1. Given R₀ = 30 Å, what would the calculated FRET efficiency be for residue 454 paired with residue 259, taking r from the Cβ atoms and rounding to 0.05?
2. Please work out the Cα center distance from region 285-311 to region 360-388, rounded to the nearest Å.
3. If the chain between residue 374 and residue 106 were fully stretched, how many nm would it gain, using 0.36 nm times the residue separation less the Cα-Cα distance?
4. Obtain the nm distance between the two label points defined at residue 401 and residue 273 by a simple spin-label model: each point lies 7 Å from its Cα along the Cα-to-C-beta direction.
5. Taking H placed 1.01 Å from N in the peptide plane, check which residues at least 5 places from residue 140 or on another chain put their amide H under 5 Å from its amide H.
6. From the phi angles alone, apply the Karplus equation (6.51, -1.76, 1.60; θ = phi - 60°) to region 496-503 and give each ³J(HN,Hα) in whole Hz, x where the residue is Gly or Pro.
7. By count of other Cβ within 10 Å, fewest leading, how are 50, 12 ordered?
8. Residues in region 149-183, backbone N under 18 Å from the label point at residue 228 (7 Å along the Cα-to-beta-carbon vector): list them, ranges by number please.
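Each value in this text was obtained by applying a stated rule to the coordinates, not by laboratory testing. Note that this is a predicted model, so its numbers are computed, not measured. Here Cβ is always computed from backbone atoms with ideal geometry, including for glycine, and neighbour counts include all displayed protein chains.
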Amino acid sequence: MAKHIFVTGGVTSSLGKGIIAASLAKLLQARGYKVTIQKFDPYINVDPGTLNPYEHGECYVTDDGAETDLDLGHYERFLNISTSQANNVTTGRIYQTVINKEREGVYLGKTVQVIPHITDEIKHRVRLLEDDGNYDIILTEIGGTVGDIESLPYVEALRQLRLDLGIENCLSIHLTLIPYLSAAKELKTKPTQHSVKQLLQAGVQPDILVCRTEHALSKEIRNKLALFCNVQKESVIEARDAESIYDVPILMYKEKLDKIVLKKLNMKVGKTLDLDAWKGFLGRLKNPTREVKVALVGKYNELQDAYKSIHEAFVHAGASNECKVNVLPIHSEGITKSNVEEILGQVDGILVAPGFGERGIKGKLVAIEYVRSNKIPFFGICLGMQCAVVEFANNVLGLKSAASVEVKPKTEYPVIHLMESQKNVTKKGGTMRLGSYKCKLEKGSVSAKAYGKLNIDERHRHRFEFNNKYKKQFEKHGMMSTGINPDNNLVEIIEIPDHPHFVGVQFHPELKSRAENPHPLFVSFVRACSEYRRNK
Ligand code: GLN
């Protein structure tokens, strides 16, 4: 039977529960256990697919086409595993299931209530992963902050689960903040005491406290936390701010978090801890021999989380090239013909980001024209690829009014058009072309060389697509389709062979890049940027 670990958060949001959970999972995995992580989000949206990136950061997509919280990206990047719809559940989904059952008459005339019906559904979902993987340990991150109204049913479900599963099969970790008052030069434990009190009031005693702090926790502070929060002294874990999120597993190892967890769960600690690949990655990350400057041209740049997976994919690809990648966020709305040279003149490559809608498109087209004609490495993802196609149509094919129908529905030359399968779709939630699809690469292309194979699978999230009616015209003028979906002929990759590195992909390679397994297209793009810089 799988053992369960729950991670709750206290005092404030944004403490990095996802990173702590992923780091602990990494250590348990390194000790030879089969581990997975899931996230429960207390908001009413059924999934984050319809949320603006400013609200919630990037929407992460799994192989099975679930639109999920970006923490699943951390889980995959740290653990080198693939997650699925089952790994992310929201309050909206829980209620939707319960209400559907009520409409079907499943509850046989009973009054449907938060306890037991909502909490039962939460417990059912928490245990769902037990069925599919022979996992030794399942970690569950509970989103939000303890004390929020919307978190209450989750904490109650956790209380019940401790009894259902048996205390020895269940562990509760509370992540909290120990603020530093600079005027008093003191770390303060009171917010944590209050947060733990709230958990206790709800009937949950945390077994372990993980304390985010900017300063080392003295023995006195640790003892005080243990005393007031009713945990063992050894179970007070310091989580200092780290230089990189990828250092956190090592920091947690030094604090013996994995050992304490395994001891409390009555599981063997074992002698070996295989972190070789992770340490190899960290070594390359920390000791770059070169650097490049890459412009990330997008429109949600104010919020780094909006392009989380792209930033992380650059970290992985940079490490693999022993190259520090300095990512320069550029607002596409600000790019015009008269300032493009000034903005992009110094960069070694540009990535045009995914996105939706008309805002910022013009600047993206100007940027692409600049790097295409100046032979600066280009990488376009999803909307970025679509923009590359439109720019080529406008400036090389001479189809001045060509556009994507997303931007100009009545365009004369719809070089990017709505997919056939999307034409009758009216609902917004979960209706895009989502999840993993096959792609066959053209031998000898930049992409084929990068992957080192011809058959690949990549994750998608879009409604629009390259219009095959124009394919011959594009190829005649030098923009080739080098990746095709073998089942329906959709163009998934375009390249310009007469350019050092001009690659656009309809899918999202950033979603499959992992610390120990960087994405080949990011690796080859960073290499191209580095070569461009060397020859400059
Ligand atoms: N808006 C475009 C589409 O729906 C691109 C989507 C994206 O970049 N993820 O096809």
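1. Result of the calculation: an efficiency of 0.10.
2. 17 Å
3. Values: separation 268, 0.36 × 268 = 96.48 nm, distance 6.49 nm.
Here the segment from residue 374 to residue 106 would lengthen by 90.0 nm.
4. 6.7 nm
5. Close amide H contacts, sequence-distant or interchain: 5, 6, 7, 38.
6. Once θ is set to phi - 60°, the couplings for region 496-503 become 10, x, 8, 7, x, 6, 10, 10 Hz.
7. Numbers: 50 16, 12 13.
So the ranking, lowest neighbour count to highest, is 12, 50.
8. 174-183
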